[in-house]
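Any read-out appearing in this document is the output of simple, stated calculations on the displayed coordinates, not a laboratory observation. What you see is a predicted model, and the numbers here were worked out from it, not measured in a lab. Here the Cβ is made from the backbone with ideal geometry for all residues, glycine too, and neighbour counts use every protein chain on show.
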Amino acid sequence: MRPTRRSVLLATVVVTALAAGPLAAPAFAAPAAPASVRATAGPDTEALAAAIAGLPDHDATAALLRVGGDGTWRGTAGVRDVRTGAPALENGRFRAGSVTKVVTASIVLQLAAEGRIDLDGTVQQYLPGLLTEDFEPITVRQLLNYTSGLRSGPSLGDTVEDGYPHRFETLTPRQVVAASVAEGPAYAPGTRQSYDNIHYTVLGMLVEKVTGDSYAHQAAVRVFRPLGMRHSSFPAGADPRIHGPHNRGYDWIDGKLVDVTDWNMSDRWAAGDLISTTADLERLLVGLFGGRVVPEPQLQEMFTLPDVPGARYGAALERFEVNGKVIWGKTGSRPGYATVIAATRDLSRTLVYSVDSTDAKGDGLAIAQRFAYPAFNR
């Protein structure tokens, strides 16, 4: 029997003595220690408390963590805005990046369970004319597990520095796909796994074609509303803002800490345009793994690696091993925000975090080691 869940409340770490004026190289004050931590069965609470102590610092301005399963822990630290020093909002909204793919895969697998999509059906069948004759048949399953052979589409900048001057410009998903198709296939479908947004951009188009509805509305009625994810949404078109209460996101650009919160992410769409909260993403994670979002046997697609060399992903989800535990999850990053949802298959341990990382589009290893690994230490 699992021990009784007890919430561990961590007082918000607030640093108020920030340098006034421009955001260039702010002189963060000496970080404050957490005011109180109560022990609980399960996660390594000391390591978790240490991870968020001292925010803001050079690597992150805020962190929101939720650990669940056998024992729970909550942590909020840092600031909402480095100019004012206002404390970080525990329920603040943020850009969840590629965690969006979990929502997209859930919709597609629901449609498969309803008999409206055949996972062995092809892009050529469902979206005639989208691909040229240069492409071999690409199945829906190959889109889901990143083995389609499609090339990356264009972007408005490969790095935050490159993209920042273009942050209010629009590159539509159809433009991204058209440019990808024009370059021809990268490899024969089903022979390699190559993680990329392009697979899920095409899946978003598939959802709209099959349902005759917008992708955003399908996400709302099939995932958000049934799970009570009241604070999750997609921007309206090219809207660059995060509506509702949120913590500002920052990135170091040319030696200056720059506010990168407002950004048109419309080209990421069904691959990375979700705005959510940690509480909502915890509902998604628990509901999904618990079989309340995607029914069996379609749910097993998420936990099944394709038979190709070095495969790490099923449908949307990535397989990790941490301290001898097999973990399934998804990372997401947008300028200013790094997000993770992860859990053991039996939900004995769950993790959701949003970190306002100042290098969110970096390799993410340092942030994961600091904020994710402690959740699975025990």
- Computed over region 230-364, Kirkwood Rh from alpha-carbon pairs, angstrom: 16.4 Å
- Note on the structure: The computed P(r) of region 83-130 puts the percent of Cα pairs beyond 12 Å at 75 percent
- Query: Given springs between every Cα pair under 10 Å in a Gaussian network model of the chain, which of HIS231, HIS166, HIS199 has the largest fluctuation?
  - Reply: HIS166
- Message: For a quick check, take a GNM of the chain with Cα springs below 10 Å and name the residue from GLY97, GLY121, GLY272 with the largest mean-square fluctuation.
- Response: GLY121
- Which ordering of LEU281, LEU55, LEU127 is given by a fewest-first count of other beta-carbon atoms within 10 Å? LEU127, LEU55, LEU281
- Please say if region 196-299 is rounded, prolate or oblate, where rounded means a/c under 1.5 for a ≥ b ≥ c the square roots of the C-alpha gyration tensor eigenvalues, and otherwise the choice is prolate for a/b larger than b/c and oblate otherwise? prolate
- Sorted by Cβ density within 10 Å, fewest first, the residues LEU89, LEU131: LEU89, LEU131
- Message: Under 10 Å, Cα contacts only: if you run a Gaussian network model on the chain, which one of SER266, SER155, SER232 comes out with the highest mean-square fluctuation?
- Response: SER155
- Query: Any idea what the relative contact order of the chain is, in percent, if you count C-alpha pairs under 8 Å spaced at least 6 apart?
  - Reply: 22 percent
- Per the C-alpha gyration tensor (a ≥ b ≥ c, the square roots of its eigenvalues), region 41-114 is rounded if a/c is under 1.5, else prolate if a/b beats b/c, else oblate; here it's oblate
- Loop-located GluC sites (Glu not before Pro) in region 132-207, at most 15 other Cβ atoms within 10 Å (DSSP): GLU133, GLU169, GLU183
- Note on the structure: Options (1) 80, 44, 33; (2) 61, 54, 37; (3) 66, 52, 41 for Cα extents along the principal axes in Å; the value derived from the coordinates is listed as (2)
- Global form of region 110-263, assessed from the alpha-carbon gyration tensor, a/c cut-off 1.5: oblate
